[in-house]
Every structure is written in structure tokens, then in C-alpha cells.
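First the structure, in the form of C-alpha cells, and then the observations on it.
The values are calculated or read from the model by the stated rules, or taken from the named source; none is laboratory data. In this text the structure is predicted, and so the values were computed from the model without any measurement. Here Cβ is always computed from backbone atoms with ideal geometry, including for glycine, and neighbour counts include all displayed protein chains.
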Amino acid sequence: MSVSENMPMMSSTGNCNCFNVYDFALNNIVQLTLYNMGNGGTYQNGFTHPFHLHGTHFYVMKLVYPPTYDENGILNSFSGDIPCHDSMQNCYGLKWTNSSWLNGNVEGMSKNPTLRDTIIVPTGGYVVIRFRAKNPGWWFAHCHLLIHDLAGMAFAVRVGNNEEIPKPPNGFPHS
């Protein structure tokens, strides 16, 4: 079994002041697509996002930059693979243009991916990462720009159910 989710990297000016938790079954293969489009991915206020995942390393399966820049090197469109039609809106819950890419079947993935724990999510683009959820516990995933975490660009990952997550050792501080 595998899990595949498209997840936005949100702008510090975004309207999602939320904290999400994603549950992954122990030993599943997890594939995430992190994108940076819409209001948070424009040249006026967008940033590339250094995304970091604690508790595991992941394979970088695909990294896509936006397709076009103007004569001054300014981004003037987003990747069409995951369309965001309004650059002034926060684009959450986007879906693949090509429906055959759903459920982890993304075209053009690397046959020899690199192993990392941090990757840049480019302005106007996206990255597809994959890992085996083999380290049970609660893990933090976040942008390395702290102000972005405060705007919703951080989430928790729970690998395994409560019975599979090791208990803290005796004498472990609780406050």
C-alpha cells in the first residue's frame, strides 16, 4: 500500500494558520508532492521553501521548476502539471492536470533518485518525494524559514499506531 498526497507550501501571507497531522501506517511507502504556487509562489511575494522532514530520509523523485520567465528573469507562470489558475489566491488542494498521475503514478520520476532530508520547493514549481515509513513515532515536517511555519507550512507525521510507537524510557522528563 502507498499514500500519495499533494501538499501546498503556503505563503507567510497566506490565510491558513493551521497545523495538520498526517498518519502513515508503519512500513508503507509514502509519496508526497509539495508545491509552491498561487499567492505564495509568485514573484511578488513568493519564496523557494527549504522543506525538511524529521525522522526519515526521503528520495527526491521529481523536481519541477516553473516553465517560463520574462526577459528580466521574473517568473510569469506556474508549472502546468498542478494548475493554480489565480496567482492572487492561495492554491490549496490542487490536483494533477493529468488524472493518470493520481495515486502515485507521476510521469518522469527519477530512476536513480537522491536521498535527502531537506529539499528546496521552487517558487512556481513542485517536488515529489518518497520514503518508507519505517521509523515509528511522531515527526515534524516544516519549511526552514521559521516565519513560514507560523503561517501553516509545518505539519506532523505520525508513523505507526500508538501500540507501534515506542514508549519513552524510564526517567524521561515529562515537563
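For VAL127, state whether it is β-branched (Val, Ile, Thr), assigned to a strand (DSSP E or B), touching a residue at least 60 places away in the same chain (Cβ under 8 Å) and farther than 21 Å from PRO66 by Cα.
Against the criterion (β-branched (Val, Ile, Thr), assigned to a strand (DSSP E or B), touching a residue at least 60 places away in the same chain (Cβ under 8 Å) and farther than 21 Å from PRO66 by Cα), VAL127 does not qualify.
Mind listing whichever residues of the range 84-126 are within 12 Å of MET37 (Cβ to Cβ), out of contact with any Gly (no Cβ under 6 Å at 6 or more places or on another chain) and surrounded by 14 or more Cβ atoms within 10 Å (Cβ to Cβ)?
SER87, TYR92, LEU94, VAL121, PRO122, GLY125, TYR126
Identify all residues within the range 85-96 that are within 16 Å of the chain's Cα centre (by Cα) and either at pLDDT below 80 or among the β-branched types (Val, Ile, Thr) (or both); write none if there are none.
Correct list: ASN90, CYS91, TYR92, GLY93.
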